[in-house]
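*Asks:* Questions regarding the structure given below will be posed in turn.
The values are calculated or read from the model by the stated rules, or taken from the named source; none is laboratory data. Remember, predicted model here, so these are calculated numbers, not experimental data. Heads up, the Cβs are rebuilt from the backbone with ideal geometry, glycines too, and the neighbour counts pull from every protein chain shown.
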Amino acid sequence: MKKIVFIAKTDLNTDGRILNQLKILENTYPEQLIDFILLPDKPLKISCGDNVKMHIINTQFRNNKFLRVFTVLEFIVKSLYLLFKLKPHILHAQDTAIVQPVILYKFFRGSTFKLIYDDHEIPNENERFTKRILNKIEELVLKKADHNIFANEERMEVLRKELSLKTNCSYFLNLPYFDDEESSIELSENDKNSLNELDNSIRKGCKFIVHQGVLRIERGEERLAELSRILPEKYKILLLGGNEIEYEKFIEKYKLDKAKFYFRGSVNYLFLPKYWERGIASIVMYLPTYINNRLCAPNRFYISIQKGLPVIVNKNNPVLSNFIEKYHCGTYIEDLNATNISRSIENLKIKEDMFKSLKKKQVEDFLNAYR
């Protein structure tokens, strides 16, 4: 049996992309053991499965930004030691933060193992100097990898062309692949109360459009404000994420009517689907300020598709617009007005088997990287 090693710097408690990949491998190869080298952003509080052996790297000066260079060096040394000790047949490296030990290990071990590089983000145009150095190392890893996995098709095509990549490439959408995740943690009292309030409002005829994430210019806060002004009487925007101070500033900045919003704030990401189940549509916007925004389609976009909710997106995000055009699952915020908004949203019906087919294809493509 081949030895598989994952390496990542992340908060694995909430990193749905990596957790989904681990679970797909576990379901497909139940006897396969996976070693995981982790530099944790937060203490690990979850179990990743009986087939995953964690190798947690703790560093002396992790949270001291002035001594960050020592943290990086310590991580490189400790992770290289583990890589040479574990001798993986397949090394699955997760994003930019771990490229230094990975490229060094590739230099020493050459083609004795298969390198899968998982590129989560494209570098933005305004990166700081140290990040630009990391990006150059990442480009080398992308060229040396046996298989590159990207966040979506559009990012894959951009980097494939920009870097003239000759290696095998695929993409892995951050879909909600498993339905049982949200049952592992008990709902908080705040969540129970909020869901009850939403249900009571729905029984009285209220219809919610779900927006999840912080309120920022680059995430379309101005267009969200404009949308609230044209909503029919019974419609409200359900705001998930952010904090109450930011919400109050948003209301004051655009002189909005609070009656058009239901502010919930931060929600455990495992429970987000429960809120989507109370909506009739969702809204996801990323303005083309930087390349990562232009080519971004977050997890909440795919939760909407899973739950059968049409998605309101901005036209100048190619990932979001290409997806809704291909699968007929949404509409553009630029096309909505006071007279057509209700019809545009409620007449959109997403094909029942669309998400199932998409998920099956994504799982097959991901597993092909391991074959």
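*Asks:* Find the residue count for region 243-277, including only residues that are aliphatic (A, V, I, L, M) and over 15 Å from LEU195 (Cβ atoms).
*Replies:* Of the residues in region 243-277, 4 are aliphatic (A, V, I, L, M) and over 15 Å from LEU195 (Cβ atoms).
*Asks:* Sticking with this structure for a sec: Given (1) part of a strand (DSSP E or B); (2) surrounded by fewer than 15 Cβ atoms within 10 Å (Cβ to Cβ), where does ASN27 come up short, assuming only one miss?
*Replies:* All conditions pass for ASN27, except number (1).
*Asks:* Report, by residue number, each residue of region 129-154 that is under 12 Å from LEU295 (Cβ atoms) and either in contact with a strand residue (DSSP E or B) (Cβ under 7 Å, 6 or more places away or on another chain) or outside any helix (DSSP H, G or I) (or both).
*Replies:* Hits for region 129-154 are PHE150, ALA151, ASN152, GLU153.
*Asks:* Evaluate region 226-239: report whether one residue or more is touching a helix residue (DSSP H, G or I) at 6+ places or on another chain (Cβ under 9 Å), in the same structural domain as ASN317 (by TED's automatic domain parsing) and at positive phi.
*Replies:* No: region 226-239 contains no residue that is touching a helix residue (DSSP H, G or I) at 6+ places or on another chain (Cβ under 9 Å), in the same structural domain as ASN317 (by TED's automatic domain parsing) and at positive phi.
*Asks:* Would you kindly identify the helices (runs of 4 or more DSSP H) lying entirely within region 201-279 that contain at least 2 residues that are free of Cβ contacts under 8 Å to residues at least 40 places away in the same chain and of a type outside the set (D, E, K, R)?
*Replies:* 221-230, 244-254
*Asks:* Please go through region 1-17 and pick out each residue that is under 24 Å from ARG371 (Cβ atoms) and of a type in the set (A, V, I, L, M).
*Replies:* MET1, ILE4, VAL5, ILE7, ALA8
*Asks:* Those residues that are of a type in the set (Asp, Glu) and either touching a Pro at 6+ places or on another chain (Cβ under 9 Å) or on the phi > 0 side of the Ramachandran plot (or both), I need them from region 1-44; list them, please.
*Replies:* Of everything in region 1-44, those that are of a type in the set (Asp, Glu) and either touching a Pro at 6+ places or on another chain (Cβ under 9 Å) or on the phi > 0 side of the Ramachandran plot (or both) turn out to be ASP11, ASP35.
*Asks:* Tell me the residue from LYS106, LYS131, LYS144, LYS136 that is more than 19 Å from the chain's Cα centre (by Cα), charged (D, E, K, R), closer than 26 Å to ALA297 by Cβ and in the same structural domain as LEU80 (by TED's automatic domain parsing), please. I'd like the intermediate steps shown before the answer.
*Replies:* Numbers: LYS106 fails: closer than 26 Å to ALA297 by Cβ; LYS144 fails: closer than 26 Å to ALA297 by Cβ; LYS136 fails: closer than 26 Å to ALA297 by Cβ.
Criteria check complete, one pass: LYS131.
Conditions (1) of a type in the set (Phe, Trp, Tyr); (2) surrounded by 14 or more Cβ atoms within 10 Å (Cβ to Cβ), marked per residue:
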site	(1), (2)
VAL69	no, no
VAL72	no, yes
PHE75	yes, yes
ILE98	no, yes
GLY110	no, no
HIS147	no, yes
GLU157	no, yes
ARG160	no, yes
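*Asks:* Within region 303-328, can you find the residues that are under 12 Å from SER282 (Cβ atoms) and in contact with a Pro (Cβ under 6 Å, 6 or more places away or on another chain)?
*Replies:* ILE303, GLN306
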